[in-house]
1. Restricting to the stretch 150-178, and then to whatever is out of contact with any helix residue (DSSP H, G or I) (no Cβ under 6 Å at 6 or more places or on another chain) and more than 21 Å from residue 129 (Cα to Cα), can you tell me which residue is surrounded by the most Cβ atoms within 10 Å (Cβ to Cβ)?
2. Consider the stretch 179-191. How many of its residues are among the small types (Gly, Ala, Ser) and either loosely packed, with under 14 Cβ neighbours inside 10 Å or outside the structural domain of residue 129 (by the TED database) (or both)?
3. Would you list the helices (runs of 4 or more DSSP H) that sit entirely within the stretch 22-92 and hold 2 or more residues that are polar (S, T, N, Q)?
4. So the check is Cβ under 8 Å with 6+ separation or different chains; which pairs have a first residue in the stretch 9-37 that's more than 20 Å from residue 94 (Cβ to Cβ) and a second one that's outside any loop (DSSP other than H, G, I, E, B) and among the basic types (Lys, Arg)?
5. The conditions are (1) open to solvent by 30 Å² or more (accessible area, probe 1.4 Å); (2) more than 22 Å from residue 151 (Cα to Cα); (3) touching a residue at least 12 places away in the same chain (Cβ under 8 Å), and residue 66 fails exactly one of them. Which is it?
6. Would you confirm, using the coordinates I've provided, whether residue 102 is modelled with pLDDT under 95 and either open to solvent by less than 30 Å² (accessible area, probe 1.4 Å) or not in a helix (DSSP H, G or I) (or both)?
7. Taking the stretch 105-120 as the search range and keeping residues that are open to solvent by 60 Å² or more (accessible area, probe 1.4 Å) and either hydroxyl-bearing (Ser, Thr, Tyr) or part of a loop (DSSP other than H, G, I, E, B) (or both), which one is nearest to residue 159 (Cα to Cα)?
Amino acid sequence: MTEKATAKERLLKAAAELFYAEGVGATGIDAITARAGVAKMTLYNNFSSKADLVKSYLDGRCSEWRAFREERLARASTPQERVLAVFDSYVDHAHLAYECGFRGCGLLNAAAELGVGDPGRATVAAQKVEVERLFRQYLLELRPEGGPIIEETAEHLSYLLEGAMSRAGLDGHDGRLKSARRMAVSLLEQF
């Protein structure tokens, strides 16, 4: 981040690093403002509450992932490659683990701490639905006739990817994601 970063950008960067490393609940406003080098009032001038800051963090994580996904999709020319591009975008995003190392999906980690009905959980759920929708779209390109196999396979790929992300977070590296990608290749060969 440049020296000319706005206070809001510094706050979001500090919050992202701390929320990912320490968790949403364990990270206080004072730690965020200290890391960002701003006064507490500056935080409240930019965000209405900590919940608003958390929501902005989650929106930012989604945007980061979408950028990785779009970059991968730009190089994918077949429906199979587009499915695998989604897996690859997760590997790419795993490398954006900040200084604390890889701890898994920042979205799911945060959602686990948020109450039912929290707007942040809806953001996380929407990203997971988006992934499954993408799989469905690319599978329909492979089999335009559709049918239940499309829904089942899209769900299967989604579970494979999210399960691998959870295990990768426990392992602290992207090996499970790469393994899940290989499994997806096998699944697509049989599709």
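The values are calculated or read from the model by the stated rules, or taken from the named source; none is laboratory data. Just so you know, these numbers come straight off a predicted model, no measurement behind them. Note that we place each Cβ from the backbone using ideal geometry, even for glycine, and neighbour counts take in every protein chain shown. Areas reflect the complete protein model, heavy atoms only, side chains present, ligands, DNA and RNA absent. Shrake-Rupley method; radii C 1.70, N 1.55, O 1.52, S 1.80 Å.
1. Among those residues, the one meeting the criterion is 178.
2. Within the stretch 179-191, residues that are among the small types (Gly, Ala, Ser) and either loosely packed, with under 14 Cβ neighbours inside 10 Å or outside the structural domain of residue 129 (by the TED database) (or both) number 1.
3. Filter on the stretch 22-92 gives 40-46, 50-74.
4. Taking only residues 6 or more apart or on different chains, the pairs are 14/35; 29/40; 29/50; 30/40; 33/40; 36/10; 36/13; 37/10.
5. It is condition (3) that residue 66 fails.
6. Working: modelled with pLDDT under 95: yes; either open to solvent by less than 30 Å² (accessible area, probe 1.4 Å) or not in a helix (DSSP H, G or I) (or both): yes.
Judged against the criteria, residue 102 is a match.
7. Filtering first and then ranking leaves 112.
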